[in-house]
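The next block holds one structure in the form of structure tokens; read it before the comments.
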Amino acid sequence: MGEDENKLKRAAARSAVRLVADGMVVGLGTGSTAAFAISSLGERVQAGLRIVGVATSERSAAQARSVGIRTVDLGDTPRVDLTIDGADQVEEETLDLIKGEGGALLREKIVACASDRLIIIVHGAKLVQHLAAHGILPIEIVPFGWQVTARRLSKLGAQPTLRKAADGSPFHTDSGNFIVDCAFHESVSPPSMAEALDHVVGLVEHGFFIDLASEVHVAELGGVRVLKRSALASG
């Protein structure tokens, strides 16, 4: 990862963290970009900001605790004011997303759906014209009979590949599931495919985040620009 890319991720994270106010319950995303947001939040906490974090992975929870952010389980709080998270792809026209490269898409989506606002932080290279036209869609599936589930995905036009850990064994999520990384034809309709995937037996959750992002903070060489769903709707 280049230092220039890290600077962009840090800039996007700091932009989003400015939205956090005293007393908020904040969803803490997972991944390299979300880690910058957790670090930035930790700096504000150490300066006196009072917040509670809801982590989307064991990794993010450990980082949050290391920088002084108190964390609670999602079930222990009645609401999440906002969540700050990264994304693998952002469709600029709709602000729909693909997430899951970091292996936490199930918990990320649960927390996102429980949040009043989902704030996405990315650098400009993550913006695309059409989701899934290039790259992969992570899909979390149960280990039992995973090959059967993969065949069902193939019938929907996916090309699934089981994600492996560094030692060559199947990658396990924090919830104990597998992930298959799926390539699709560039003409796939993300909303339609998301609906079809919702009915696949053995599939726990998919990486399409449709109609969930409230705003996206995009860091580019010229600065950070903020794309808002409300602006799309009014346009």
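The values are calculated or read from the model by the stated rules, or taken from the named source; none is laboratory data. As the structure is a prediction and not an experimental result, all values here were calculated from the model. Counting neighbours? That spans all protein chains shown, and the Cβs are built from the backbone with ideal geometry, glycine included.
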- prompt: Among the candidates G223, G176, G168, which residue alone is out of contact with any strand residue (DSSP E or B) (no Cβ under 8 Å at 6 or more places or on another chain) and within 22 Å of V17 (Cα to Cα)?
  reply: G223
Checklist (1) over 21 Å from R59 (Cβ atoms); (2) exposed (fewer than 15 other Cβ atoms within 10 Å of the Cβ) applied to H130, failing item: (2)
- prompt: Of all residues in segment 119-136, which are in a loop (DSSP other than H, G, I, E, B), touching a residue at least 60 places away in the same chain (Cβ under 8 Å) and under 29 Å from L41 (Cβ atoms)?
  reply: L131
- request: Pick out the one residue from E101, E92 that is touching a Pro at 6+ places or on another chain (Cβ under 9 Å), within 24 Å of A194 (Cα to Cα) and not small (G, A, S).
  value: E101
task: Specify which of the listed residues (A61, A104) is more than 24 Å from K228 (Cβ to Cβ) and either outside the structural domain of S15 (by TED's automatic domain parsing) or crowded, with 22+ Cβ neighbours inside 10 Å (or both).
output: A104
message: Can you pull out every residue in segment 59-101 that is modelled with pLDDT of 95 or more, more than 16 Å from L131 (Cβ to Cβ) and part of a loop (DSSP other than H, G, I, E, B)?
response: V67, G68, I69, V72, D73
- prompt: Which is out of contact with any helix residue (DSSP H, G or I) (no Cβ under 6 Å at 6 or more places or on another chain) and surrounded by 18 or more Cβ atoms within 10 Å (Cβ to Cβ), of I141, I120?
  reply: I120
task: Go through segment 212-233 and count every residue that is assigned to a loop (DSSP other than H, G, I, E, B) and surrounded by 12 or more Cβ atoms within 10 Å (Cβ to Cβ).
output: 3
